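Coordinate-derived values only; no laboratory data. Just so we're clear, the structure is a prediction, and the values are computed from it rather than from any experiment. Here the Cβ positions follow ideal geometry from the backbone for every residue, glycine too, while neighbour counts run over all protein chains shown.
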Amino acid sequence: MAQKTVRIQDVARAAGVSTATVSRALSNPDILSERARKAVQDAIRETGYRVNQAARNLRKQRAGALLVLVPNLGNPFFSQILAGISARVEGTDYAVLIKDTEGLSDGQGALVDYVLDSRVDGIISLDGSLSAAELSAFAAGGADGRLVFACEWVADSPLPSVRSDNAEGARLAVRHLHGLGHSRIAHVTGPEGNVLTAARRTGMLEERDRLGLPGRSDWIMRGNFSMESGQAAARRIIAMQDRPSAVFCASDMVAFGLIATLTEAGIRVPQDISVIGFDDIEMSQFFIPALTTIRQDRRTLGVRAAELLLSRLQTPEAEPGEAGAVDLVGVELIARASTAPPAG
């Protein structure tokens with residue numbers, strides 16, 4: 001026998017209140033007395049009533065979903081940011097959807113259509129490579145108030161962002177190596193044109209100059225946040241007649257590739273060359289040697305990004321520029337076994 005569908009009228013009858021009171025308890029419970037709220041909640045549990053979320057979203061003309069853009073879902077760095085977003089959205093009327101943007105070309109995917117076609121209510125982008133055409137489409141469609149950046153961002157964009165203090169993290173890395181006695185410090189960057197690359201390279205160069213350390217153009221090596229680029233940088237270092245005594249890598253993944261390739265060549269870390277990363281992903285503490293790195297509070301990045309987007313969705317009339325200030329999350333040096341004083 002088919003089970004009878006419980007209606008809002010059934011809840012009202014069980015609670016001894018009107019259907020309007022039940023509706024208020026579901027949509028705006030704060031306006032009711034504690035006694036009325038409890039009566040409705042007890043009746044919902046007793047009857048097994050479930051809210052028809054699809055119909056509710058339709059009435060409110062919203063999708064009930066937030067989209068998170070991730071530049072590479074295979075990168076373990078993003079796991080804690082996504083966990084923070086999910087934790088903050090939990091208990092709201094929104095679901096979290098995730099889209100991997102790796103390999104998307106300009107215009108492909110038509111991201112603005114997700115919002116304008118009411119497939120999602122807002123977007124958190126962890127990808128700072130959104131094209132000018134996409135951002136212009138958001139503005140033209142009046143949807144730029146429903147897009148925020150987290151971790152990465154688009155330079156000179158008025159849209160708000162939550163990001164780590166990348167430049168300060170680079171300064172901490174150089175300061176740590178200098179404090180151990182290193183003056184010959186190399187740097188493996190992220191990809192050219194990336195905002196994280198620029199911020200970390202700027203911080204590294206500023207601190208190097210402040211400490212009066214020697215600058216060598218061949219000690220600044222381009223990478224792309226991957227282990228493969230760390231391997232390539234290690235091969236360049238191995239071939240050098242005049243090697244640095246320490247290397248600051250723009251990500252932990254780069255550091256892993258660098259250390260593995262140096263070790264294969266008989267160059268010991270940290271006895272011969274110290275290595276420091278950036279991010280403090282989970283593998284950093286288990287790698288051999290355990291990696292000294294700059295810790296980003298990735299979960300906090302996710303939580304604050306979700307809070308920022310939810311706030312903007314509640315006040316859609318706010319101008320993008322009014323919320324364009326940067327929410328900067330602090331970083332921390334985590335000293336482990338991959339750094340030590342230079343030999344001799």
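Here are the numbers for the structure shown:
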| quantity | calculated |
| --- | --- |
| Likely footprinting exposure, Asp10, Asp100, Asp280, fewest C-beta neighbours within 10 Å first | Asp100, Asp10, Asp280 |
| Rh by Kirkwood over Cα pairs, then Stokes-Einstein D for segment 166-297 at 0.890 mPa s and 25 °C, µm²/s | 174 µm²/s |
| For the chain, alpha-carbon Rg and Dmax in angstrom | 25.5, 86 |
| Added length on full extension, which subtracts the Cα-Cα distance from 0.36 nm per residue, Gln241 to Gln41 | 64.5 nm |
| Contact order relative to length of segment 8-51, as percent, for alpha carbon pairs under 8 angstrom and 6 or more apart | 45 percent |
| For Phe256, Phe149, order by how many other beta-carbon atoms lie within 10 Å, fewest first | Phe256, Phe149 |
| Longest to shortest principal axis, alpha-carbon extents of segment 197-249, angstrom | 30, 26, 15 |
| Cα pair distances in segment 227-301, grouped into 5 Å bins until the bin that holds the longest one, percent each | 4, 17, 30, 25, 13, 6, 3, 1, 0 |
| Range of Cα positions in segment 8-51 per principal axis (Å), largest first | 23, 18, 15 |
| Given charges at beta-carbon only (K, R positive; D, E negative), |dipole| of the chain in Debye | 960 debye |
| Student exercise, segment 8-51 dipole from Lys, Arg, Asp, Glu Cβ charges, in Debye to nearest 20 | 0 debye |
| FRET E, pair Val326, Arg13, Förster distance 41 Å, beta-carbon r, rounded to 0.05 | 0.20 |
| Nearest 10 degrees, 0 to 90: helix 298-314 Cα axis against the chain principal axis | 40 degrees |
